[in-house]
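> First, the structure itself, so that you have it in front of you.
The values are calculated or read from the model by the stated rules, or taken from the named source; none is laboratory data. Predicted model, so just to flag it, every value in this text is computed and none were measured. All Cβ positions, glycine included, derive from the backbone under ideal geometry; neighbour counts span all protein chains shown. To get the accessible areas, we keep the full protein, side chains included, count just its heavy atoms, and leave off ligands, DNA and RNA. Shrake-Rupley method; radii C 1.70, N 1.55, O 1.52, S 1.80 Å.
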Amino acid sequence: MEDSFTIVSGKATIVKDPNAVLDYYVNLTDWMPVGDTVASVNPIATGVVVDSHNITGAGLFVQLWCSGGVAGVTGNVVVRFTTAGGRTDDRTLYFKMKQR
């Protein structure tokens, strides 16, 4: 079975079939100060489509439903989020499109 992540240019990269429509999670538990939660999310996608996004897990996770892409092409989603406490930060998911 092939791993779901690979290292591309030193970055952990998700291997995604262009036809797959799957959910991916950004876990902010270790980053988030106690008592703070994600208040809003603005995903910015390149080379992949973000169909929808949700804040889950008591406000500590961001769920992204992603589709699309072209085999052999890389893409990414910058997950820009703001917390209830006024913090703003980015997390980037990297994708390598591979027909499976």
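> List pairs: first in region 23-42 and within 11 Å of Val79 (Cα to Cα), second open to solvent by 30 Å² or more (accessible area, probe 1.4 Å) and among the basic types (Lys, Arg), Cβ under 8 Å, 6+ apart or cross-chain?
Once the first residue is within 11 Å of Val79 (Cα to Cα) and sits in region 23-42, its partners that are open to solvent by 30 Å² or more (accessible area, probe 1.4 Å) and among the basic types (Lys, Arg) give Val26/Arg91; Val41/Arg80; Asn42/Arg80.
> Okay, next question. Can you pull out the residues in region 80-100 that are under 16 Å from Thr29 (Cβ atoms), out of contact with any Ser or Thr (no Cβ under 7 Å at 6 or more places or on another chain) and of a type in the set (Val, Ile, Thr)?
Across region 80-100, there are no qualifying residues.
> While we're here: Working only within region 51-74, note down all residues that are in contact with a Ser or Thr (Cβ under 9 Å, 6 or more places away or on another chain) and either surrounded by fewer than 14 Cβ atoms within 10 Å (Cβ to Cβ) or free of Cβ contacts under 8 Å to residues at least 40 places away in the same chain (or both).
Across region 51-74, the qualifying residues are Asp51, Ile55, Gly57, Ala58, Gly59, Leu60, Phe61, Val62.
> Tell me the residue from Ala45, Ala71 that is in contact with a Gly (Cβ under 8 Å, 6 or more places away or on another chain), modelled with pLDDT of 95 or more and at negative phi, please.
Ala45
> Mind counting the residues in region 22-50 that are part of a loop (DSSP other than H, G, I, E, B), surrounded by 12 or more Cβ atoms within 10 Å (Cβ to Cβ) and not acidic (Asp, Glu)?
Count: 6.
> Consider Arg100 against the criteria (1) free of Cβ contacts under 8 Å to residues at least 60 places away in the same chain; (2) loosely packed, with under 14 Cβ neighbours inside 10 Å: it satisfies all of them except one. Which criterion is unmet?
So Arg100 meets the others, but not (1).
> For region 7-21, which positions are open to solvent by 80 Å² or more (accessible area, probe 1.4 Å) and in a strand (DSSP E or B)?
Ile7, Lys11
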